[in-house]
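A.B. asks: Let me begin by handing over the structure; questions about it come next.
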Amino acid sequence: MRSAARETWIVERWSRGSSPLHSLDARAKLAALAVYLLAIASTSAWTQAAVAGYAVILSAALAASRLPVPALLARAALILPFSATFALITWLSGDATRALALVEKSFLSGLAVLVVIAATPLTDLARALEAFRVPRSLVLVIQFLYRYLFVVADQAHRMRMAAACRQGIRRNARPRFHAAAGAVGVLFARSWERADGIYRAMAARGFHGTFPALAPTRFRTVDGVFLCGFALAALAVRLML
Amino acid sequence: MNAPRVIDVRGLRYRYPDGTLALDGVDFHLCAGECVALFGANGSGKTTFALHLNGLLVGEGSVRVCGVPLAASVSAGDLALVRSKVGLVFQDSDDQLFLPTVLEDVAFGPANLGLTPEEAAARAKVALEQTGMAGALHRAPYHLSSGEKRRVALAGVLAMQPEVLVLDEPTTALDPPGQRDLIALLRTLPQAKLLVTHDTSFAAALATRAVFFERGRVAGEGGLPEIVNRFHWSR
């Protein structure tokens, strides 16, 4: 839990950076991402030339983001164990080309999503989702989940520290398992209380269902140029390679 | 005191869903510019009472905030008005700080009041200046010390420019210099203040009147030394 929060915090810190990609309107980035993902998903004749084409497009976005590439690649690789399982089944059924395509498509898609998330603050992403008519309740749930992750992680960390202080030298796994199971229940109850407290504090400061943004959004020419350029490049790879 | 009453509570009763009677006929008032200390044992209903002043809980009886009645049927507009007039600083600052940066968090309240992003940010910066946290604009709230979180939480409320400040255990997690700074800051603020506290020396530095809660009722009210002596409320 703590590591999940740490990862989230790292991405949060990345999203507050400054780069040409960071400065673009979140709507342009989300729309470009959607086109890119659709192009990858619908490429039926998956060749290594297509892989190279999609990778070049993504590399351009990565370069524009000034994000740490090795760290991004490592995090995007977290998707591989899942896609590799399906790829293995496909390979065992005799279709090695499709198996390879599955792994490559999932990695490129995962990396593209990560680049956009790491280059866009969550509040901007949420506003972009609202602009695309994603139900507001769903957007709110995403935002609350994101915020409460830190709350739950902090609570879990405190409980683990308190437990460690009193753990002694007992090595028997069974009582420890019982204690851990009980702690999960307590963690849920405490997190619930904390979440309730946060909601009250938000309501006390006039929260009425929408997270306000500090920076006004403007869809500028550069955003349009980026969207058109990125989408056309993805479509070109889709249609020509 | 002849100043108008900004908070006027009569016969307030509140029972939690589990059946616990938390408030049992509370009568209370707070005048403009006045500073009142609210004492009482743990579980005597102080925090529950504070939550009523902002419309977060609604019980039986009459609660009027700056002339606006707060009842179960209160309109969304009136509720928003009350919340703009009463700034509630929570006991646990971690409850109050939830946005990614200090600036965004402090600007959250003003932005909810309908101010433009620029106006909200400007107000937030002034409030952070007031509380001595101007250097933390872009820091993550969950990386601040307890005392710093306290100051940012207070800034989040001051940025809404309320007429009444309700501070629930404001000295919790503050070291002695932090407490001195808080007292100095609160002295400069013109708002009416309700200090929910156990700290008699802090209250003595600011409050002119004290109210003592016992089992959800006002058990005593008067000058601070009188209340402290009457209820043996000192170390």
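A.B. asks: What is the average number of partner chain Cβ atoms found within 10 Å of a Cβ in A:208-214?
C.D. replies: 6
A.B. asks: So what's the gap between the Cα centers of segment A:146-162 and segment A:215-234, to the nearest angstrom?
C.D. replies: Using only Cα atoms, the two centres lie 38 Å from each other.
A.B. asks: Share of antiparallel DSSP beta bridges in segment B:5-230, in percent to the nearest 5?
C.D. replies: Working: 20 of 38 bridges.
Just about 55 percent of them are antiparallel.
A.B. asks: Among A:MET240, B:MET133, A:MET159, B:MET160, what is the fewest-to-most ranking by other Cβ atoms within 10 Å?
C.D. replies: Details: A:MET240 9, B:MET133 21, A:MET159 15, B:MET160 24.
Going from least to most buried by this count: A:MET240, A:MET159, B:MET133, B:MET160.
A.B. asks: Then there's this: For A:HIS157, B:HIS52, which order do you get if you count the other beta carbons within 10 Å of each Cβ and list the fewest first? The partial results should precede the final answer.
C.D. replies: Numbers: A:HIS157 13, B:HIS52 25.
Ascending Cβ contact count within 10 Å gives the list A:HIS157, B:HIS52.
A.B. asks: Among all stretches of chain A without exposed chymotrypsin sites (Phe, Trp or Tyr not before Pro) (DSSP loop, at most 16 other Cβ atoms within 10 Å), which one is longest?
C.D. replies: On the way: sites that count: A:PHE132, A:PHE219.
The longest such stretch corresponds to A:1-131.
A.B. asks: Follow-up question, since we're still on this one. State the three equivalent ellipsoid semi-axes of chain A, derived from the C-alpha gyration tensor as the square roots of 5 times its eigenvalues, in descending order and whole Å. Each step should come with its number before you reach the end.
C.D. replies: Details: eigenvalues 278, 153, 44 Å².
Taking √(5λ) for each eigenvalue gives 37, 28, 15 Å, largest first.
A.B. asks: For the protein assembly as shown, what is the percent of antiparallel DSSP beta bridges, rounded to the nearest 5?
C.D. replies: So the antiparallel bridges in the protein assembly as shown amount to around 55 percent.
A.B. asks: In square nanometres and to one decimal, what's the mean projected area of the convex hull around the Cα atoms of segment B:5-230? Walk me through the numbers before you get to the answer.
C.D. replies: Values: hull surface 47.6 nm².
Seen from a random direction, the Cα hull of segment B:5-230 projects 11.9 nm² on average.
A.B. asks: If you don't mind, another one. Specify the residue with the greatest mean-square fluctuation among A:ARG136, A:ARG200, A:ARG98, computed from a Gaussian network of chain A linking alpha-carbon atoms under 10 Å apart.
C.D. replies: Looking only at A:ARG136, A:ARG200, A:ARG98, the biggest GNM fluctuation is shown by A:ARG200.
A.B. asks: Follow-up question, since we're still on this one. For helix A:48-65, report the angle its Cα long axis makes with the longest principal axis of the Cα atoms of chain A; keep it between 0 and 90° and round to the nearest 10°.
C.D. replies: The angle comes out at about 60 degrees.
A.B. asks: Here is a further query. What does the helix-only formula give at 222 nm for the protein assembly as shown: each DSSP H stretch with n ≥ 4 adding -39500 (n - 2.57), the total divided by the residues, and the result rounded to the nearest 500 deg cm²/dmol?
C.D. replies: Working: 19 runs with 271 residues, N = 476.
Calculated at 222 nm, the ellipticity per residue is -18500 deg cm²/dmol.
A.B. asks: Moving on to the next point. Averaged over its residues, how many other protein chain Cβ atoms are within 10 Å of peptide B:100-108's Cβ atoms? Kindly include the intermediate steps, with their values, before the conclusion.
C.D. replies: Values: counts 11, 4, 0, 1, 7, 1, 1, 3, 8.
Mean number of neighbouring Cβ atoms from other chains: 4.
A.B. asks: Once R0 is set to 56 Å, what does the formula 1/(1 + (r/R0)^6) return for the Cβ-Cβ distance between A:THR85 and A:CYS165, expressed as a FRET efficiency to the nearest 0.05?
C.D. replies: On the way: r = 40 Å, r/R0 = 0.72.
Once the sixth-power term is evaluated, E becomes 0.90.
A.B. asks: Oh, and also: Let me confirm the definition first: pairs of Lys residues in the protein assembly as shown, 8 or more apart or on different chains, C-alpha distance under 21 Å. How many are there? Don't skip to the answer; put the middle values down first.
C.D. replies: Numbers: A:LYS29/A:LYS105; B:LYS46/B:LYS85; B:LYS46/B:LYS193; B:LYS85/B:LYS125; B:LYS85/B:LYS193; B:LYS125/B:LYS149; B:LYS149/B:LYS193.
Qualifying lysine pairs in the protein assembly as shown: 7.
A.B. asks: Using Cα atoms only, what is the angle between the long axis of helix A:2-15 and the major principal axis of chain A, expressed in degrees (0 to 90) to the nearest 10?
C.D. replies: 40 degrees
Bear in mind these aren't lab numbers, they're just calculated from the coordinates by the rules spelled out. This is a predicted model, so every value here is computed, not measured. Positions of Cβ are generated from backbone atoms using ideal geometry, with glycine treated the same way; all protein chains shown enter the neighbour counts.
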